[in-house]
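A short reminder: the numbers here are calculations on the coordinates, not readings from a lab. Fair warning: this is a prediction, and the values are worked out from it, not measured in the lab. For neighbour counting, all protein chains shown are included, and Cβ atoms are generated from backbone atoms with ideal geometry for every residue, glycine included.
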Amino acid sequence: MPRVLAPPRCVWDAKAELGEGTLWSQREQALYWLDILGRRLHRFDPASGAQATWQFDEEISAAAEREKEPGLLITLRRGFATFDPARPQVPPRYLHQPEEPAGNRFNDGKCDPQGRFWGGTMDWDCQAPTGVLYRFDGDGTCTRHESGITVSNGPTWSADGRTMYFNDTAPNRILAYDFDPEAGTLSNRRNWLRLAPGEGYPDGMTTDAAGRLWICHWGGSCVSCHDPASGAELTRIELPAAHITDCAFGGPDLRTLYITSAWSGLDAAQRDAQPLAGALFAVELDSPGLPAPLFGG
């Protein structure tokens with residue numbers, strides 16, 4: 001069972017409206033993360049404490065480092081794009097914009113171990129099941145894999161790479177699929193877990209080196225760790241903000257869990273009671289995570 005070695009600490013009180021998109025860069029030994037509704041990309045260097053921010057003209061919701069080119073693959077409001085933080089004078093460039101309803105935007109996304117980026121869309125109002133899950137390959141091919149989603153979050157993969165987990169947040173569904181690593185296809189969709197009443201809704205998540213799932217609770221003030229077979233809760237990290245949105249392992253040994261939060265959806269009284277809503281947190285664990293795969297393009 002994983003152990004939390006110290007209480008979580010706030011490492012950046014960014015007051016993000018909708019913090020998300022945690023990405024640990026092995027190359028830079030730094031964390032990239034996003035404020036989707038604030039339209040900002042952040043970079044945090046834990047060794048120096050340095051902070052950097054890039055402002056965008058539209059919502060930026062997920063990121064992955066590129067394998068063959070400098071910079072990042074990102075999802076903007078309407079699709080997949082590139083951006084190089086080292087050349088901020090060059091604006092983001094769209095690579096592909098899938099046809100989406102006007103009321104949709106892109107949300108969470110992540111690379112599979114083979115370097116294909118999986119990005120999902122969502123209804124702006126978090127009500128209509130109009131979201132779609134896409135796979136975007138390094139050669140620019142975009143494939144539609146799932147539909148009928150309200151709020152796309154995740155995904156993450158099992159330790160053997162043969163199961164993909166994916167969250168549809170609004171209806172409180174954590175789904176599991178059989179995943180073909182070579183073909184990059186999904187089958188055998190099933191409901192894997194629902195959070196208990198009062199526990200919030202499943203948001204972003206990640207997998208550690210032992211294959212355990214770490215799930216952020218929107219409205220639940222915590223990250224919970226779960227056994228990949230039974231779904232049983234193994235560990236819980238309580239946080240001083242209700243809306244916990246995403247997490248990623250980082251640090252030199254990948255034993256620091258970085259966690260984002262949001263103030264979106266809180267009224268004035270709740271924001272007063274949660275002054276760290278929208279902050280970036282870090283917590284030290286006794287077990288490591290996995291490095292983020294690079295996008296193969």
- Note on the structure: Rounded to the nearest 500, the 222 nm mean residue ellipticity computed for the chain from DSSP H runs (n ≥ 4, each -39500 (n - 2.57)) alone is -500 deg cm²/dmol
- So what are the ³J(HN,Hα) numbers for the range 154-160, from phi and the Karplus equation (6.51, -1.76, 1.60; θ = phi - 60°), rounded to whole Hz, Gly and Pro as x? x, x, 8, 10, 5, 4, 8
- Mind ordering 104-115, 155-166, 190-201, 86-97 by average Cβ neighbours within 10 Å, highest first? 104-115, 155-166, 190-201, 86-97
- In whole Å, what is the distance between the alpha-carbon centres of the range 6-62 and the range 269-297? 9 Å
- Task: Only Cα pairs under 8 Å and at least 6 apart count here; give the relative contact order of the range 6-120 as a rounded whole percent.
- Result: 16 percent
- If contacts are Cα pairs under 8 angstrom and at least 6 residues apart, what is the relative contact order of the range 94-249 in percent? 14 percent
- Query: Under the definition of Cα pairs under 8 Å and six or more residues apart, what whole-number percent is the relative contact order of the chain?
  - Reply: 21 percent
- Using label points projected 7 Å from each Cα along Cα→Cβ, tell me how many nm separate residue 52 and residue 185, to one decimal. 4.2 nm
- Item | Euclidean distance between Cα centres, the range 92-162 to the range 194-234, Å | 20 Å
- Note on the structure: Contour minus Cα-Cα span, residue 227 to residue 137, at 0.36 nm per residue, comes to 29.4 nm
- Looking only at 72, 254, 186, which one moves most when the chain is put into a Gaussian network model with springs between Cα atoms under 10 Å? 186
- Local charge sum around residue 172 (other residues, Cβ-Cβ under 14 Å, Lys/Arg +1, Asp/Glu -1)? -1
